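S.K.: I have a structure here, written as structure tokens, and I will follow up with some questions on it.
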Amino acid sequence: MSPQTLVTILVFAPLLGAIVAGLFGRRIGHVPSMAVTTGLLFLSCLIAWINFVANFNGAPKFLVELLPFIQIGDFQSTWSIRVDTLSSVMLVVVTSVSALVHLYSWGYMAEDDSKPRFFAYLSLFTFAMLALVTANDFMQLFFGWEGVGLASYLLIGFWFKKPTANAAAIKAFVVNRVGDFGFALGIMTVFWMFHTIRFDQLFPLIPSMLNKGWDFAGQHWSALDLAGALLFVGAMGKSAQFFLHTWLPDAMEGPTPVSALIHAATMVTAGVYMVCLLSPIYEHAPVARDIVIMIGAITSLFAATVGLAQNDIKRVIAYSTCSQLGYMFIAAGVGAYQAGMFHLFTHAFFKALLFLGAGSVIHAMHHEQDMRAMGALRKKIPVTWAVMMIGTIAITGLGIPEIMGHGLGFAGFYSKDGILEAAYKAGLSNPTANFGFLVGLAVAGLTAFYSWRLIFMTFEGKPKWGAHPHDDHAGHHAQIESHSEPDTHGHDDHGHGHGHTPHESPWVMLVPLLVLSVGAIAAGFVFAPYFIGEDHDAFWRGAIFVSANNHVLNEMELPAWVTWSPLAVSVLGLLVACYFYLLKPELPPRIAAQKGPIWTFLYNKWFFDEIYDFIFVKGAKLLGDLFWKVGDQKLIDGLGPNGFARASLEGGKRVAKVQTGYVYHYAFVMLLGVLGLLSYGIWLAS
Amino acid sequence: MMTDLSSALMICLPELILAVGAMLVLMLGAFGGERSTGAATMFSGAALIAGAFAAALGPHGTLFAGAFHMDQLAAYSKVAIYVASAFAVVMGYGWMNRSNERKFEYPVLILLATLGMSMMVSAGDLISLYISIELQSLALYILAAFQRDDARASEAGLKYFVLGALSSGILLYGISLVYGFAGSMGFTQIAHAIAAGGANHGVVFGLVFLICGVAFKASAAPFHMWTPDVYEGAPTPVVAFVAAAPKLAAMVLFVRTLSMGFFGAHEQWAQVLLVIAVISFVVGAFGGLMQRDVKRLLAYSSIANIGYALLGIAAGTQLGVQAMLVFMVLYMIDVTGFFACLLALARNGRPITQISDLSGLKGSKPGIALAITALSLSVLGMPPFSGFWAKFYVFKSAFDAGLWQIAIAGLVASVVAAFYYLRMIKIMWFDASPAPVDGSPSEARWIAFACALFSFPVVLIALHFLDQSAGLAAASLGLH
Amino acid sequence: MPLTAIAFYLLAIVTVVSGFMVITARNPVHSVLYLILCFFSGAGLFVLLGAEFLAMLLVVVYVGAVAVLFLFVVMMLDVDFARLREGYAQYLPLGLVVAAVLLGEMVTVSSAVANRGAAAANATPQAADLHVSNTQSIGQVLYTDYIYFFQAAGIVLLIAMIGAIVLTLRHKPSVRRQKIHEQVGRRRRDAVEVTKVGVGEGISE
């Protein structure tokens, strides 16, 4: 089969699965609908890898045009599948993680009654994500963008009987609307400037627009910077960057496989993907890139600090995701798009691994998510422990630089070091990039701390799950609004309650974990030379545009401290975590109990939810109340419909009152009418 | 002076059919008594249908020294009037059967009233105008009081008669003044006199009286006072008749008189008509708000609608007349359907008249409820129902004639009036049903359904033909 | 001043005054009598115009039939006229205003027309044909030129007749009516029966 047919099958197989499971799931039963969706996803995954390998071996990029979508004048949008290195990488990431998550869900969702719906949503999400990454114009990109948003909304609120899940779903949707607004404005700006939304027509035009802009308030504003910044607002929403990040931790209300697939590996990286895809714009938009760096750096720092104080296992990983996304944006901002993509690629493996591992822990703990109620699980669930270790090593970037050419380490080591080195190089000429570098370095240490903290609290120390585990933290319910997934579904095999012994997950859940472990170990080692190493030009083959004066990926002699410092801070984080959670485990609860200002600040996530609630939610409600009660009810309704209606009724009463029923009154009215009309007529005639 | 007798008789064949038919039915009834009511009804219906065919296909011409015009306008109106009257005959027969009061005079009077209307739309001078109006009115007075044992019906008939006599007096006074100033009764001669002498005080003086007299027949405000009482008191099939055909006849009479005889004074009478139109739709819209009785409500509705139709005449253009003709025919169909629905509804043998009695109709009589809904939406002017097209035509012609302030006032009034139609719909569909309603008679039900179906979707096809024939009819006045 | 002018003014004044009296007289019978006087003087005006046939018609039909009918109706109906006049004073001012405005307008128009000349001045009335009498000329046109109006008026009267019957005629089942054909057609055997009555027996039926 031609590659064109193959990729078409690749993209539409998940849609077919979603339709079958979603519309006919109840009729064909649980197992068939799960089998159909999972089977089709594995088919997609297989094709994606075939395509990736072909691309790797030098197959040319191509475009499959399927159907016209919206074609009005210059606004030409076509349903199409764009295959180049960038999309090939994304196809592999999306389909692989998705296929594994599908498989994992067989075990994780075994007790749920709505399995067909769940699998249909997962497949629908995958289709939308594939449409996003293969888009050849902004319209399809936007379609995929909104499609994944919809699927995310549906999946976060999958347990729709739980109020917190509904609230989280709505929050995710609304926050993303803010980003989408900027995104839509960005698309409009692009269309307004270039009269096209097709990437292949747009990118060659960009150099001709370098100086276009407006003079406003005594400043020259570059149009490309404006477009880049607006489009980045969209990316901020989707990738949960600072200011628009609040939805991501709450999104953990969804089932854990969803968190792994959507809120760690794929959807949230769409923003990074878009910035890399639009590298021709960003390469010519220095201001927009500085914004990208700043936001990325602040996000990674913020999320890492918040992650230090969280107790919900999934939330810790969620903040970690947020932080790693910040890394990716730092990379894109300094011009190392390849490094950003590489981190995206490796992160997909180890973050999915961590989430699924956490899912396995939660499963083992009978849907307990509070780490303070865990401990000493290593012996009980050794496989999960092993894969979590692998994931943690990968995310903390442990590895030895400067041996075997690229150094030796797990996946995160290569990509994170790549980003930091690129930031350092860019920082030589750009102070903002310098800031990015320093923040990145600090965050590496924080990452190590909270990641190991998670491992130690969960797997080491004394078991805290024997007795009733809620007693010692009854006062902390407020923070973790809902730390347990609803167990309304029947626990036939292990019943309710917390007194049971943790047990290892079934193999259908462990297999994906093992597969992902392989990725987390080897993805960096194998692919680093191609993504960011000396072969990167041959690998990317123009899918990412790099301007002539961008040298961040070129070989350059770096000071030794730059190369070694990431390892150093990472080890430092590990040691501090060791101290707090292995040697002196009684210390952290005491710090928490003191409620110091820093701890409170971090514990409450920098008070973002409170501030947003005060400014936006309350403000909007106040404004809405003002418009509703004063503007609408009093002014518009009062003077308009209601006032008019009142006047009408009054008029009606008057008219009805004239209708007395006496003939002589009627006759008199007639005569008055004659008289009036006569006077009017005569007045007209004279 | 006169065309030869045979062709003259052919030209007024529709009237002859009606007059002779009425007398034959009268004979039939006089000798056959109550038992012959069915036959009389059938015969009357046949006469009306035959008359309609004769009017549609017969020759055109002017008879009796210009007193009688048979042209496209007359043919159009006659066909519409005859068909509406035939419906009234059928509905009345069913109604009399149910109330055990079979009277053969009912179809006879309908025939004679129709004859009067037929002469109204053909009237070419002031005498035939007056006599035809009297012919029609007298029959209607009697019909209104037809249920002579019912106090309300008697009251309705008496009020109608007394006020009608007053309006006839006003009309006659106007006619005599016009005759005095123009020196002739014929419309063409009057037009010549106005062209020669200008629209002076004298002509306007008489004309205003004339307009007032005819406005009474059309139930335009402020000469509308009889309408709610008569609608409420008179028997429902009679009201169905009074509400439909005579209105069209009066409007056509208006158009013919004003355009043929008094076009030289267009500026004056257009203003007078506009005042009447505005008062009519304001009174119609606001007066209906407080009503509890469906028939009274429809009375105000008809007052408002006459106001809208008058806009078309006041525009003084061919398009305006065309719009008025389309409007009136569509309105006649709607209103006939409305009354057919009312005839189809009874509770414990007593007809439903209060709006509140309609509550919960969707459960007991979904078909009728649907028909009333469609007709209400149509009368209030909701697209794509027929009433929307009717109003659209009239308002468009008013806009084209530069009467946009008036047209906007009309639109506002129709928004106000929308309230009472919507309230009716709300009561039918959303309120609880107090008690079951009786089974509805088939003829009323079928007429209701047919009219509702016409209001949508048949109108979408029929409108084309209606528009065309109305255009031809309007063209026969020689306006531009 | 010629005699006709004196006669005209006399008759006109009587007509107007009696017309006024019709609506102001307290006694309704007097009103009807004033109405008759009004008709009479109107007939006199017709005579002055040379329309003697119309004058006779007015006297015969209106005075002889209509007004006398009115008189009977008024005298037979027990109408409480005092009650009808309630509110007379209440509505009088407004009525007077209306009447005054109307009168003012009439006067204005009349004077305007009289000054500038009416359109009627252009139309010359046809002089009466001296060789045919008034009655004869009406007869000539009534069934020819005005046949349409004549027939239509006939139908109006027919309706009036039908109406009168429909609204008033009642077939009361309690009223016994004479059926002549039944009385005449009666036979002896229908009416009389001869039976033998046995001794000591009665007739039981």
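The values are calculated or read from the model by the stated rules, or taken from the named source; none is laboratory data. Note that the structure is predicted; figures quoted are calculated from it, not measured. All Cβ positions, glycine included, derive from the backbone under ideal geometry; neighbour counts span all protein chains shown. Just so you know, the surface numbers come from the protein's heavy atoms only, side chains and all, with ligands and any DNA or RNA stripped out. Shrake-Rupley method; radii C 1.70, N 1.55, O 1.52, S 1.80 Å.
S.K.: Where both partners of a DSSP beta bridge lie in chain A, what percent of those bridges are antiparallel, to the nearest 5?
M.R.: 100
S.K.: Where in segment B:355-377 does the amide nitrogen come within less than 15 Å of the point 7 Å from the Cα of B:F430, taken along Cα to Cβ?
M.R.: The answer is B:359-362.
S.K.: Moving on to the next point. Nearest 100 Å², what total accessible surface is buried between chain C and chain B (probe 1.4 Å)?
M.R.: 2900
S.K.: In debye, nearest 20: dipole of segment B:268-480 around its Cα centre with unit charges on the Cβ of K, R (+) and D, E (-)?
M.R.: About 420 debye.
S.K.: In degrees from 0 to 90, rounded to the nearest 10, what is the angle of the helix B:201-217 Cα long axis to the longest principal axis of chain B?
M.R.: 20
S.K.: If R₀ is 45 angstrom, what is the calculated FRET efficiency for the pair A:V508 and A:S429, using the beta carbon separation as r and rounding to 0.05?
M.R.: Calculated transfer efficiency: 0.30.
S.K.: Which helices, counted as full DSSP H runs in chain C, have an axial Cα extent of no less than 18 Å and a Kyte-Doolittle average of 0.5 or above?
M.R.: Helix filter hits for chain C: C:3-24, C:28-48, C:88-116, C:147-168.
S.K.: Based on DSSP loop calls and a cut-off of at most 15 other Cβ atoms within 10 Å, the longest stretch of chain C free of exposed trypsin sites (Lys or Arg not before Pro) is what?
M.R.: With trypsin sites (Lys or Arg not before Pro) excluded where exposed in loops, chain C gives C:86-169 as its longest stretch.
S.K.: Take every Cα pair under 8 Å in segment B:268-480 that's 6+ residues apart, average their separations, divide by the length, and report that relative contact order as a whole percent.
M.R.: 31
S.K.: Please give the length that would be gained between C:I138 and C:V73 if that part of the chain were fully extended, namely 0.36 nm times their separation in residues minus their C-alpha to C-alpha distance (nm, one decimal).
M.R.: 20.1 nm
S.K.: Restricting to DSSP H runs of at least four residues, report the calculated mean residue ellipticity at 222 nm for the protein assembly as shown, -39500 (n - 2.57) per run over all residues, nearest 500 deg cm²/dmol. All intermediate terms of the calculation are to be shown ahead of the outcome.
M.R.: Values: 57 runs with 935 residues, N = 1371.
Roughly -22500 deg cm²/dmol at 222 nm, from the helical runs in the protein assembly as shown.
S.K.: In segment B:268-480, if the dipole is taken from +1 on Lys/Arg beta carbons and -1 on Asp/Glu beta carbons about the Cα centre, which of B:I372, B:S414, B:N348 is farthest to the positive end?
M.R.: Value computed over the given set: B:N348.
S.K.: Just need the relative contact order of chain B here, percent rounded to a whole number, with Cα pairs under 8 Å and 6+ apart.
M.R.: Worked out over chain B, it gives 15 percent.
S.K.: For chain B, report the accessible area per residue in Å² (1.4 Å probe, heavy atoms, rounded to an integer).
M.R.: Heavy-atom SASA per residue in chain B reads 31 Å².
S.K.: Another question about this same structure. Within 10 Å of each candidate Cβ there may be at most 11 other Cβ atoms; applying that plus a DSSP loop requirement, which chymotrypsin sites (Phe, Trp or Tyr not before Pro) in segment A:115-171 survive?
M.R.: Within segment A:115-171, no chymotrypsin sites (Phe, Trp or Tyr not before Pro) qualify (loop, at most 11 other Cβ atoms within 10 Å).
S.K.: To continue, here is another question. Would you mind computing, in nm to one decimal, how far apart the modelled labels at B:S176 and B:R148 are, each placed 7 Å from Cα along Cα→Cβ?
M.R.: Label-label distance for B:S176 and B:R148, simple model: 3.3 nm.
S.K.: Sticking with this one: Once Lys and Arg get +1 and Asp and Glu get -1 on their Cβ, which of A:F350, A:I381, A:A411 lies farthest toward the positive end of the dipole of segment A:348-417?
M.R.: Positive-end residue among those listed: A:I381.
S.K.: Highest first, please rank the peptides A:26-36, B:19-29, C:89-99, C:134-144 by the mean number of other Cβ atoms sitting within 10 Å of their residues.
M.R.: B:19-29, A:26-36, C:134-144, C:89-99
S.K.: A further question follows. Dipole of segment B:268-480 (Lys/Arg Cβ +1, Asp/Glu Cβ -1, origin at the Cα centre): which of B:W446, B:F392, B:A270 lies farthest to the positive side?
M.R.: It is B:W446.
S.K.: Between B:L472 and A:D215, what FRET efficiency comes out of the Förster formula 1/(1 + (r/R0)^6) with R0 = 60 Å and r the beta carbon distance, rounded to 0.05?
M.R.: The value I calculate is 0.35.
S.K.: Please list, or write none, the lysines whose alpha carbon is within less than 30 Å of the alpha carbon of A:K629, excluding same-chain residues fewer than 8 places away.
M.R.: A:K171, A:K618, A:K621, A:K653, B:K426
S.K.: Give me the number: length gained by fully extending C:Q183 to C:E201, i.e. 0.36 nm times residue separation minus the C-alpha to C-alpha distance, one decimal in nm.
M.R.: 3.1 nm is the gain from fully extending C:Q183 to C:E201.
S.K.: May I ask you to list the lysines whose Cα is less than 21 Å away from that of C:K172, ignoring any residue fewer than eight positions away on the same chain?
M.R.: B:K103
S.K.: Using per-residue counts of other Cβ atoms within 10 Å, averaged over each peptide, order B:231-244, A:317-330, C:147-160, B:69-82 from highest down.
M.R.: Top of the packing list down: A:317-330, B:231-244, B:69-82, C:147-160.
S.K.: Measure nothing but the geometry: give the 0 to 90° angle between the long axis through the Cα atoms of B:318-343 and the longest principal axis through the Cα atoms of chain B, rounded to 10°.
M.R.: 30
S.K.: Then there is this: For a quick check: with amide H placed at 1.01 Å from N, whose amide H comes under 5 Å from A:F69's, ignoring anything fewer than 5 positions away on the same chain?
M.R.: A:S77, A:T78, A:W79
S.K.: A further question follows. What nm value, rounded to one decimal, do you get for the distance between A:R654 and A:A386 when each label is placed 7 Å out toward the C-beta?
M.R.: 9.2
S.K.: How far, in degrees from 0 to 90, does helix B:266-287 lean away from the longest principal axis of the Cα atoms of chain B, to the nearest 10?
M.R.: For helix B:266-287, the angle is close to 10 degrees.
S.K.: Treating only the Cβ atoms of Lys and Arg (+1) and Asp and Glu (-1) as charged, compute the dipole magnitude of the protein assembly as shown about its Cα centre; round to the nearest 20 debye.
M.R.: Computed charge dipole of the protein assembly as shown: roughly 2980 debye.
S.K.: With the crude spin-label approximation of a point 7 Å out along Cα→Cβ, what separation in nm comes out for A:F75 versus B:Q189?
M.R.: In this crude label model, A:F75 to B:Q189 measures out at 7.1 nm.
S.K.: Residue by residue through A:516-522, how many Cβ atoms from other chains fall within 10 Å of the Cβ on average? Show your work: numbers first, answer last.
M.R.: On the way: counts 0, 0, 0, 0, 0, 0, 0.
Rounded to a whole number, the mean comes out at 0.
S.K.: Something else: Hey, with R₀ at 45 Å, roughly what FRET efficiency would B:T62 and C:Q90 work out to, going by the Cβ-Cβ distance, to 0.05?
M.R.: With R0 = 45 Å, the Cβ-Cβ based efficiency is 0.30.
S.K.: Here's something else I'd like to know. For every other residue with a beta carbon closer than 15 angstrom to the beta carbon of C:L158, add +1 if it is Lys or Arg and -1 if Asp or Glu, then tell me the sum.
M.R.: On the way: positive: none; negative: B:E15, B:E105, B:E134.
Cβ neighbours under 15 Å give a net charge of -3.
S.K.: Also: Work out the mean other chain Cβ neighbour count within 10 Å for the residues of B:201-213 and drop it here as an integer.
M.R.: Counting Cβ atoms of other protein chains within 10 Å of each residue's Cβ and averaging gives 6.
S.K.: Next question, about the same structure. Given contacts defined as C-alpha pairs under 8 Å and at least six residues apart, what's the relative contact order of chain A, whole-number percent?
M.R.: Value for chain A: 13 percent.
S.K.: Okay, moving on. How many partner chain Cβ atoms sit within 10 Å of a residue's Cβ in peptide A:660-666, on average, as a whole number?
M.R.: Mean shielding count: 5.
S.K.: Still on this structure, I have one more. Quick one: which residues, 5+ away or cross-chain, put their amide H under 5 Å from the amide H of B:F68? H built at 1.01 Å from N.
M.R.: The list, which skips near neighbours in sequence, is B:L63, B:G124.
S.K.: For chain A, give the magnitude of the charge dipole about the Cα centre (Cβ charges: +1 Lys/Arg, -1 Asp/Glu; no others), in debye to the nearest 20.
M.R.: 1400
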